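The values are calculated or read from the model by the stated rules, or taken from the named source; none is laboratory data. All of these numbers come straight from a predicted model, not from anything done at the bench. Because the Cβ atoms are built from the backbone with ideal geometry, glycine has one as well, and the counts that use them run over all protein chains shown.
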Amino acid sequence: MAVSVSNAFVTLFDSEVKHSYQGQRSLAGLTRERTVEGSTVKFPKIGKGTASIRVPQTDVTPMSVVYSQVQAVMSDFIAAEYSDIFNQAKINFQDRAELVQVVGGAIGRRMDQVVLDALTAASGTLTVANSVGGSNTNLNVAKLRDIKKQMDAKNVPSDNRVIVAHANSMDALLSETSVTSSDFNSVKALVTGQVADNTFLGFRFVQLGDRDEGGLAIDGSSDRTIFAFHKDAMGLGINMAEKTKVDYIPEKTSFLVASMFSAGAVAIDPDGICKVTCRE
């Protein structure tokens with residue numbers, strides 16, 4: 001007798017994976033997002049202009065604003081796993097719920113990595129060396145203030161600023177301020193999740209741990225690059241939003257659960273991105 005998958009089951013599973021995906025995607029909503037048709041997406045970049053004095057009965061002087069574009073290329077991603085019908089009869093946990101977490105987490109982290117890879121590839125960005133705040137130091141308040149100073153100097157809007165940091169960097173930040181800084185209580189509340197909006201010095205903090213997808217890379221000198229950026233400085237195009245398919249594969253006597261998406265990211269404005277080197 002053929003084994004079929006009901007539409008209700010597929011709909012339920014897809015909904016549960018989406019929920020898990022959204023919950024485990026740390027950078028959702030922190031970049032400019034655009035729905036894409038085709039294999040590429042272009043984000044417009046508009047230069048700056050200066051207002052001039054209006055002289056009566058003379059021609060208006062245009063600002064000659066420079067218009068340009070940056071392009072992101074779509075890449076396809078899939079997370080798939082088999083669920084054996086014999087194993088389902090033997091295991092004492094709900095196989096579907098476990099697969100939801102595995103599949104949803106995998107595609108959520110991969111969508112984050114699309115953005116992280118674009119941040120890594122960005123050129124001409126602001127930088128903060130590991131020597132700021134002391135020789136070969138990890139994340140500290142001095143580095144945060146340096147990021148803020150540089151972004152302020154570039155007239156980066158003060159809202160929608162984000163710092164993506166590794167758990168080790170956040171721990172170092174707390175350790176540093178506990179000794180020397182009057183900011184200790186604010187940073188402690190931030191690290192322990194007691195700040196409602198998760199912000200400090202105008203930045204929203206996102207903490208990431210080690211990730212098989214790459215995450216925040218660390219080099220052979222134990223220098224890890226973390227990122228600060230403004231929402232409008234990064235663009236994410238989504239050609240195919242996350243969707244899930246469940247099919248029965250007779251040869252495997254298993255259900256194949258596959259979740260997939262297609263997306264690409266690109267740096268739009270390097271003045272709104274800062275690469276921060278932290279020595280661990």
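On the given criteria, is D271 outside any strand (DSSP E or B), in contact with a helix residue (DSSP H, G or I) (Cβ under 7 Å, 6 or more places away or on another chain) and at pLDDT 95 or above?
no
Scanning for something touching a residue at least 40 places away in the same chain (Cβ under 8 Å), assigned by TED's automatic domain parsing to the domain that holds N140 and crowded, with 22+ Cβ neighbours inside 10 Å, does the stretch 211-219 turn up at least one residue?
Yes: one or more hits.
Checking the structure you have, find out if any residue of the stretch 241-248 is modelled with pLDDT of 90 or more, farther than 22 Å from I147 by Cβ and among the hydrophobic types (A, V, I, L, M, F, W, C).
yes
Here's the yes/no breakdown for (1) more than 30 Å from Q24 (Cβ to Cβ); (2) in contact (Cβ under 8 Å) with a residue 40 or more places away in the chain:
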{"site": "A122", "(1), (2)": "no, yes"}
{"site": "A129", "(1), (2)": "yes, yes"}
{"site": "G134", "(1), (2)": "yes, no"}
{"site": "N138", "(1), (2)": "no, yes"}
{"site": "R145", "(1), (2)": "yes, yes"}
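Looking only at strands (runs of 3 or more DSSP E) that lie completely in the stretch 65-174, which have at least 3 residues being exposed (fewer than 13 other Cβ atoms within 10 Å of the Cβ)?
Answer list for the stretch 65-174: 67-73.
With the requirement that a residue be touching a residue at least 60 places away in the same chain (Cβ under 8 Å) and loosely packed, with under 10 Cβ neighbours inside 10 Å, what does the stretch 19-64 give you?
Scanning the stretch 19-64 gives E37, G38.
Conditions tested, residue by residue: (1) surrounded by 18 or more Cβ atoms within 10 Å (Cβ to Cβ); (2) outside the structural domain of R110 (by TED's automatic domain parsing); (3) not in a loop (DSSP other than H, G, I, E, B).
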position: F229; (1), (2), (3): yes, yes, yes
position: M240; (1), (2), (3): no, no, yes
position: T244; (1), (2), (3): yes, no, yes
position: D247; (1), (2), (3): no, no, yes
position: S259; (1), (2), (3): yes, no, yes
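Somewhere in the stretch 20-28, is a residue among the basic types (K, R) and modelled with pLDDT of 80 or more?
yes
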